[in-house]
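A short write-up of the structure that comes next.
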Amino acid sequence: MTNLKPVDVAIIGGGWTGLLTAKEITEKTSLSVAVFERGGPRKLPDYALTMDELDYNIRLRMMQNTAEETITHRHSLKDSAVPVRQHGSFHPGTGTGGAGEHWGGASFRFLPDVFTLRTHLLQKHGAAKLPEDLSIQDWAVTYDDLETRYWKAEQMMGISGKAGNLRGQKVDGGNIFEGPRRQEYPTPPLKHSYASSMFEAAVRRLGYHPYPTPAANLSEP
Ligand SMILES: Cc1cc2nc3c(=O)[nH]c(=O)nc-3n(C[C@H](O)[C@H](O)[C@H](O)COP(=O)(O)OP(=O)(O)OC[C@H]3O[C@@H](n4cnc5c(N)ncnc54)[C@H](O)[C@@H]3O)c2cc1C
């Protein structure tokens, strides 16, 4: 057995959560941190040269190996829980980066209403119309509380997009239903594909407000 050098903080799992927590702790404190990741590291050649479709897309090499470790599932309370041995649409990642290595990168902020959903439902329907055991709660923070944090994360990731609500001012071409942003996105929106250009033109004619998806896929350096 190898004895590692003692550290102040051990983080289990090197996905977005673990790695960002490590980054914050080491930037803001003098604590030492070790991140333990069950999967292997990945280097540029893994992507550039050997992305074999069968290996990665069909055999799901970047995903948790369900033969080794998985979640359990039961269809009803009467069933026994059984291990899930085949991935469906839910693809938990493995290896440094976690699911962030193969995610789509769509990087929306939550809408302001999401944080106060319980209040919203009570106002709209009245307590009498809602089930007594309604489990939905308001968050302990609001969109406004998080706005500067969203901005910090968006800068760190270089999110591409177009603002639709700048300090309360609706901006055509962005998502006019989003919560107010203090700044434009750090990088411009990704270029439209031919199909998305056609889609945009078509839905504009119908009176909708199409906008480019905010993406953690850089549109420029
Ligand atoms: C296919 C797919 C597409 C997605 N697309 C988007 C998107 O477009 N936009 C969006 O916002 N979100 C998207 N998501 C969701 C997003 O990727 C995840 O919410 C996010 O990456 C989760 O990060 P995490 O660090 O919390 O967890 P994970 O990324 O799951 O990281 C956990 C890490 O812990 C490791 N680990 C687990 N157990 C142990 C252990 N016992 N010991 C050591 N290491 C361990 C795992 O290997 C993994 O690397 C997508 C997810 C998937 C699966």
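Applying the criterion of being open to solvent by less than 70 Å² (accessible area, probe 1.4 Å), out of contact with any strand residue (DSSP E or B) (no Cβ under 6 Å at 6 or more places or on another chain) and part of a helix (DSSP H, G or I) to the residues of the stretch 76-117, the residue that is farthest from Lys23 (Cα to Cα) is Leu117. Residues that are of a type outside the set (Asp, Glu) and at pLDDT 95 or above do not occur anywhere in the stretch 89-101. Screening Asp133 with (1) in contact (Cβ under 8 Å) with a residue 40 or more places away in the chain; (2) under 30 Å from Thr72 (Cβ atoms); (3) not in a helix (DSSP H, G or I) gives one miss only, at (1).
The rows are residues; the columns are (1) out of contact with any Gly (no Cβ under 9 Å at 6 or more places or on another chain); (2) within 11 Å of the ligand (Cβ to nearest atom); (3) under 22 Å from Met156 (Cα atoms).
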| residue | (1), (2), (3) |
| --- | --- |
| Ile11 | no, yes, yes |
| Gly14 | no, yes, yes |
| Leu19 | no, yes, yes |
| Lys23 | yes, no, yes |
| Glu27 | yes, no, yes |
| Arg38 | no, yes, no |
| Pro45 | yes, no, no |
| Leu49 | yes, no, no |
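For the stretch 186-212, the candidate set comprises residues that are among the hydroxyl-bearing types (Ser, Thr, Tyr) and under 27 Å from Gln155 (Cβ atoms); within that set, the residue that is most open to solvent (accessible area, probe 1.4 Å) is Tyr211. What is the one condition in (1) open to solvent by less than 70 Å² (accessible area, probe 1.4 Å); (2) in contact with a strand residue (DSSP E or B) (Cβ under 9 Å, 6 or more places away or on another chain); (3) free of Cβ contacts under 8 Å to residues at least 60 places away in the same chain that Leu20 does not satisfy? The one condition Leu20 does not meet is (2). Number of residues in the stretch 51-75 that are open to solvent by 60 Å² or more (accessible area, probe 1.4 Å), assigned to a loop (DSSP other than H, G, I, E, B) and within 12 Å of the ligand (Cβ to nearest atom) equals 4.
Condition check for Ala140 on (1) under 28 Å from Leu20 (Cα atoms); (2) open to solvent by less than 70 Å² (accessible area, probe 1.4 Å); (3) of a type in the set (Gly, Ala, Ser): one failure, at (2). Restricting attention to the stretch 167-220, the residues being outside any loop (DSSP other than H, G, I, E, B) and among the acidic types (Asp, Glu) number 1.
Results for (1) touching a Gly at 6+ places or on another chain (Cβ under 9 Å); (2) within 30 Å of Phe177 (Cβ to Cβ); (3) in the same structural domain as Ala140 (by TED's automatic domain parsing); (4) not acidic (Asp, Glu), shown as yes or no for each residue.
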residue: His73; (1), (2), (3), (4): no, no, no, yes
residue: Lys78; (1), (2), (3), (4): no, no, no, yes
residue: Pro83; (1), (2), (3), (4): no, no, no, yes
residue: Gly88; (1), (2), (3), (4): no, no, no, yes
residue: Thr94; (1), (2), (3), (4): yes, no, no, yes
residue: Thr116; (1), (2), (3), (4): no, yes, yes, yes
residue: Thr119; (1), (2), (3), (4): no, yes, yes, yes
residue: Gln123; (1), (2), (3), (4): no, yes, yes, yes
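The values are calculated or read from the model by the stated rules, or taken from the named source; none is laboratory data. Owing to the predicted nature of the structure, the values given are computational and were not obtained by experimental measurement. For neighbour counting, all protein chains shown are included, and Cβ atoms are generated from backbone atoms with ideal geometry for every residue, glycine included. These area figures cover heavy atoms from the full protein model, side chains too; ligands, DNA and RNA do not enter into them. Shrake-Rupley method; radii C 1.70, N 1.55, O 1.52, S 1.80 Å.
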